[in-house]
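Notes follow once the structure below has been shown.
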Amino acid sequence: MPSIALLYPGDRAARDRSDPKESRFAALFEAFAMAGVAAQPAVYSDEFAAEVAAQLRGVDGVLVWCNPIESGRRRERLDALLREAAAAGVFVSTHPDTILKLGTKDVLLDVRELPFGSDALRVDSLAQLAAELPARLQRGARVLKQVRGHSGMGIWRVEQPAGSSLLKVRHALRGSEEEQLDLATLLQRLAGYFEPANGGHMIDQAWQPRLVEGMVRAYLVEDRVAGFGHQAVNALYPSQAGKPGEPAPTPGPRIYHPADLPQFQPLRRLLETGWVEQLRACVGLAREQLPMLWDCDFMLGELTAEQPERYVLCEINVSSVSPFPPSAIAALVAAVKARLARAQR
């Protein structure tokens, strides 16, 4: 029987229990069992990384859920462990090298000229940001993004109202309030993102005004859409009163839908008949290097006569895609079984 480990973060006690029923992947464990795949928890922390490495040597593959920044920790040790496992013949759901090509904000630079791309550029220093940002703000609001992160960390919307010397600034981290800052104060806030340990640069992307209409998340298993998520209110929702100190509206729940939801069939067709292939070629990935489970967040772009609806890439998530639509479970299990079967031939 093929075997798979589900790797996700936890403490010593959680690893000692290794109880599938208490994990957020209980339904996935059950689905693997029904499909004839032996699935086991691989609770991970840097403190017992050697134990996890030994565990992975005894399985055929590993599915990984671990954020790039988790409780102040980074993925360097885990990524080294996964590279060693892959080199030994263990199938890794998303190789660390694939994450670097798809799962950082740098992908927004790679796709600028693709149909779902947008005005985005790389900022390599605070001095460059100070010199260039004011002119860009004259053309409209911008969103400054740290290279790696999750849950809105390091994502900043910046706008300069007409006739004002101050900037309207909101951090996407939940609970952050809109502030009025001068440029020097903003630069102080952003300085840490330019440290080498944090990527050494930021991505500056044009604000999409229709973001207030919500965000569409397409979940993919390899190159096929497996479901959708839609969230109507997001953390960068502009202040309605225009007053500093106003928090963003509380984000509503992300509503999950199966892949065949009629509303999103145009996006599904675009992804499956061209966009995934264009993306893959653009970043230099073979089909077999695509993540087993990943998602693309799309904003709604400005409408044109040629495009009755336009989707603009906001980011791609590959490190820890959870939760996900129930419709993705069957597709993921089938894809994993097929990948393991090919590896055993």
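Go through ARG142, ARG174, ARG170 for me and flag whichever is open to solvent by 40 Å² or more (accessible area, probe 1.4 Å) and among the charged types (D, E, K, R).
Details: ARG142 fails: open to solvent by 40 Å² or more (accessible area, probe 1.4 Å); ARG170 fails: open to solvent by 40 Å² or more (accessible area, probe 1.4 Å).
Of the residues listed, the single one that is open to solvent by 40 Å² or more (accessible area, probe 1.4 Å) and among the charged types (D, E, K, R) is ARG174.
Considered as a group, the residues in the range 84-100 that are within 17 Å of the chain's Cα centre (by Cα), more than 20 Å from SER45 (Cβ to Cβ) and not hydrophobic (A, V, I, L, M, F, W, C) include one that is surrounded by the fewest Cβ atoms within 10 Å (Cβ to Cβ), and that residue is ASP97. Just one residue in the set ALA191, ALA162, ALA197 is assigned to a helix (DSSP H, G or I), modelled with pLDDT of 90 or more, of a type in the set (A, V, I, L, M) and more than 16 Å from the chain's Cα centre (by Cα); that residue is ALA191. Take the residues in the range 254-300 that are surrounded by fewer than 20 Cβ atoms within 10 Å (Cβ to Cβ) and touching a Ser or Thr at 6+ places or on another chain (Cβ under 7 Å); name whichever of them is nearest to SER327 (Cα to Cα). Among residues in the range 254-300 that are surrounded by fewer than 20 Cβ atoms within 10 Å (Cβ to Cβ) and touching a Ser or Thr at 6+ places or on another chain (Cβ under 7 Å), the one nearest to SER327 (Cα to Cα) is PRO258. The set of residues in the range 26-56 being under 20 Å from HIS95 (Cα atoms), hydrophobic (A, V, I, L, M, F, W, C) and in contact (Cβ under 8 Å) with a residue 24 or more places away in the chain consists of ALA39, ALA42, VAL43, ALA49, VAL52, ALA53, LEU56. Screening ALA334 with (1) crowded, with 16+ Cβ neighbours inside 10 Å; (2) outside any strand (DSSP E or B); (3) in contact with a strand residue (DSSP E or B) (Cβ under 9 Å, 6 or more places away or on another chain); (4) among the hydrophobic types (A, V, I, L, M, F, W, C) gives one miss only, at (1). Counting only residues that are assigned to a strand (DSSP E or B) and open to solvent by less than 30 Å² (accessible area, probe 1.4 Å), how many does the range 200-230 have? Result for the range 200-230: 15.
The values are calculated or read from the model by the stated rules, or taken from the named source; none is laboratory data. Quantities reported herein were computed from a predicted structural model and do not represent experimental measurements. Counting neighbours? That spans all protein chains shown, and the Cβs are built from the backbone with ideal geometry, glycine included. Note: areas computed on protein heavy atoms with side chains; ligands, DNA, RNA excluded. Shrake-Rupley method; radii C 1.70, N 1.55, O 1.52, S 1.80 Å.
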